[in-house]
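Just so it is clear, none of the values below were taken in a lab; they were calculated from the coordinates. Nothing here was measured: the structure is a model prediction, and the numbers come from that model. FYI the Cβ positions are ideal-geometry reconstructions off the backbone, even for glycines, and counts take in every protein chain you see.
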Amino acid sequence: MKGHRISVEDVRIRVATPNDIDAVDALIRELATYEHLSHQVIATKTQLRDALFSDTPHVYCHVVENDDSVIGFALWFLTYSTFEGATGIYLEDLYVRETHRRLGIGASLLRTLAQLCVERGYTRLQWWVLDWNKPSIAFYRSLGAVPMDEWTVFRVSGEALQELGTSR
C-alpha cells in the first residue's frame with residue numbers, strides 16, 4: 001500500500017528460488033550503482049541461475065520479501081579456515097533497497113546468516129566493505145563486526161590471471 005511505512009515485522013526472509021533470479025539480478029545491479037561499480041557488472045541471469053541452482057551450487061542466496069516483492073538479498077558461499085579447521089560463511093553481497101533501509105532488515109539478514117553459522121557449527125561470518133562506505137561500516141560495527149585491518153586483499157584477474165594460469 002502506497003505511503004504505508006513497513007517495519008521488519010512486515011517482511012519475510014527466505015531462501016531464494018529460481019523464480020527470484022530477475023529480482024536478485026536487478027538488486028545486484030542496484031548495488032553496483034550504489035557502489036559506483038556498474039561498469040564491472042557483466043554477469044548474466046543464466047550465470048546467476050547456474051551458480052545458485054545447479055546440482056552443485058557455488059553460492060547461496062536469501063531474499064527479503066514484502067508484499068510478494070523482493071526488496072533485498074544476501075548472497076553468500078562457504079569458506080574454510082585451516083587454522084580453525086572449520087567452515088564459515090563469506091557474504092559476497094548484502095543489499096536492501098534504499099526505500100527499505102533503516103528498518104532492521106539488513107540486521108535481520110545478517111542474523112539469519114549468523115543463525116546458520118551457529119546451527120551448522122560454522123565459526124565465522126565475514127565480508128568486505130568499501131572504505132568509503134561509512135554508513136555500512138558504522139552499521140556493521142553496531143552489530144559487533146570488527147575490521148580485519150591487518151589483512152590486505154589481493155586479486156589476480158583479467159590478463160594477469162590468464163598469464164599466471166597458462167605459465168609454466
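Laid out as a table, the results:
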read-out	value
Sole residue being surrounded by 12 or more Cβ atoms within 10 Å (Cβ to Cβ) and closer than 20 Å to ALA32 by Cβ, chosen from TYR122, TYR95	TYR95
Total residues in the stretch 146-168, condition surrounded by 10 or more Cβ atoms within 10 Å (Cβ to Cβ) and in contact (Cβ under 8 Å) with a residue 12 or more places away in the chain	1
Filter result for the condition that a residue is surrounded by 12 or more Cβ atoms within 10 Å (Cβ to Cβ), touching an Asp or Glu at 6+ places or on another chain (Cβ under 9 Å), of a type in the set (Gly, Ala, Ser) and closer than 22 Å to ASP25 by Cα, over ALA107, ALA51, ALA74	ALA74
Filter result (in contact (Cβ under 8 Å) with a residue 12 or more places away in the chain, farther than 22 Å from VAL11 by Cβ and of a type in the set (Phe, Trp, Tyr)) within the stretch 112-145	TYR122, TRP128
Meets criteria (surrounded by 15 or more Cβ atoms within 10 Å (Cβ to Cβ), free of Cβ contacts under 8 Å to residues at least 40 places away in the same chain and farther than 20 Å from ALA16 by Cβ) for THR87	yes
